[in-house]
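Worksheet for the structure shown next.
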Amino acid sequence: MDKDTLQRVAEQTITRYTQRFAQHGYDARALGWGSGEQQRYRFTQTLAAPIQWEGRRVLDIGCGFGDYRDFLVDAGQAIASYQGWDVNPQLIAEATQRHASCPDSIFAVRNHFDPVVEESQITPVADIGIMLGVLNFNLGPDIDNYEYSQTAIRRAWALVDDVLIVDFISSCRVADYAPEPWIFYHDPVRILEFALTLSPRVTIKQDYLPIPQREFMLFIERE
């Protein structure tokens, strides 16, 4: 995917969340969650796989306010460190302020597509990476969502040593919930096939309740 397209998506993302933050302030709705309860429910699914969290370095791509760091602490997961990256400076400023007393946490305005280099040239910065709610927007008719998602996943995969967790809105939709034009509905089979090109150790989870749309979560582990 070319640099100009990636930059355009980043600019659209910054604008979208700047507007939401102006409307809602520090609130889960500013990040696109329906409520704090929905946010925590999705976070809970990341602990479903038998992954060792204790003593691990965590990278949260698209971290928003850094709420996932707080979730891990509340869940008793004694991680070694937490890095939160987001393209939106206002969200990172809020996250930094709210975690000023947390020496294990670092927040940065960063797009994980930068610099635009081959994945083989990227140095891992964490043991576990998460990317939640990042790939759910319909990017429009002139951008291939699957190409963008696969590029994003490959880049995130190169940044972690052990495990990458990514979530999606599923194309296996809830029958009585009308599709929304701004949402991209990923086919779990297609995503699973792609993930298997990165590692044979892949888990896909689509057994949790819709919130309010059906989602699935992908766990990719190193051999």
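Could you check F113 against (1) in contact with a helix residue (DSSP H, G or I) (Cβ under 7 Å, 6 or more places away or on another chain); (2) without any contact (Cβ under 8 Å) to a residue 40 or more places away in the chain and say which number it fails?
Evaluating F113 over (1) in contact with a helix residue (DSSP H, G or I) (Cβ under 7 Å, 6 or more places away or on another chain); (2) without any contact (Cβ under 8 Å) to a residue 40 or more places away in the chain leaves (2) as the failure.
Residues that are modelled with pLDDT of 95 or more, surrounded by fewer than 16 Cβ atoms within 10 Å (Cβ to Cβ), in contact with a strand residue (DSSP E or B) (Cβ under 7 Å, 6 or more places away or on another chain) and part of a helix (DSSP H, G or I): does region 82-100 have at least one?
For region 82-100, residues modelled with pLDDT of 95 or more, surrounded by fewer than 16 Cβ atoms within 10 Å (Cβ to Cβ), in contact with a strand residue (DSSP E or B) (Cβ under 7 Å, 6 or more places away or on another chain) and part of a helix (DSSP H, G or I): present.
Give the residue that is surrounded by the fewest Cβ atoms within 10 Å (Cβ to Cβ), with candidates limited to residues of region 40-68 that are assigned to a helix (DSSP H, G or I), of a type in the set (D, E, K, R) and under 13 Å from the mean Cα position of the chain (by Cα). Reasoning before the result, please.
The first filter runs over region 40-68 and keeps only residues assigned to a helix (DSSP H, G or I), leaving 40-45, 67-68.
Within this subset, residues satisfying the condition of being of a type in the set (D, E, K, R) are 40, 42, 67.
The next check asks that each one be under 13 Å from the mean Cα position of the chain (by Cα); those that pass are 42, 67.
Numbers: R42: 19, D67: 22.
Checked region 40-68; the qualifying residue surrounded by the fewest Cβ atoms within 10 Å (Cβ to Cβ) is R42.
Any idea which residue in region 70-81 is farthest from T44 (Cα to Cα), counting only those that are part of a loop (DSSP other than H, G, I, E, B) and among the aliphatic types (A, V, I, L, M)?
Initial filter on region 70-81 (part of a loop (DSSP other than H, G, I, E, B)): 75-80.
Those still in the list that are among the aliphatic types (A, V, I, L, M) too: 75, 78-80.
Working: A75: 9, A78: 16, I79: 16, A80: 19 Å.
The qualifying residue farthest from T44 (Cα to Cα) is A80.
Table: residues versus (1) on the phi < 0 side of the Ramachandran plot; (2) modelled with pLDDT of 95 or more; (3) among the aliphatic types (A, V, I, L, M).
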site: R29; (1), (2), (3): yes, no, no
site: G32; (1), (2), (3): no, no, no
site: G36; (1), (2), (3): yes, no, no
site: A49; (1), (2), (3): yes, no, yes
site: R56; (1), (2), (3): yes, yes, no
site: D60; (1), (2), (3): yes, yes, no
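M1 fails exactly one of the following numbered conditions: (1) of a type in the set (A, V, I, L, M, F, W, C); (2) in contact with a strand residue (DSSP E or B) (Cβ under 6 Å, 6 or more places away or on another chain); (3) surrounded by fewer than 19 Cβ atoms within 10 Å (Cβ to Cβ); (4) closer than 17 Å to M131 by Cβ. What is the number of that condition?
(2)
Okay, residues lined up against (1) touching a Ser or Thr at 6+ places or on another chain (Cβ under 8 Å); (2) in contact (Cβ under 8 Å) with a residue 12 or more places away in the chain; (3) among the acidic types (D, E):
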site: A158; (1), (2), (3): yes, yes, no
site: P181; (1), (2), (3): no, yes, no
site: L192; (1), (2), (3): no, yes, no
site: E223; (1), (2), (3): yes, yes, yes
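Let's see how each residue does on (1) of a type in the set (A, V, I, L, M, F, W, C); (2) under 28 Å from A78 (Cα atoms):
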{"position": "L139", "(1), (2)": "yes, no"}
{"position": "R154", "(1), (2)": "no, yes"}
{"position": "S170", "(1), (2)": "no, no"}
{"position": "D176", "(1), (2)": "no, no"}
{"position": "P188", "(1), (2)": "no, no"}
{"position": "E193", "(1), (2)": "no, no"}
{"position": "Q206", "(1), (2)": "no, yes"}
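The values are calculated or read from the model by the stated rules, or taken from the named source; none is laboratory data. These figures come from a predicted structure and were not determined experimentally. Backbone-built Cβ (ideal geometry, glycine too); neighbour counts: all protein chains shown.
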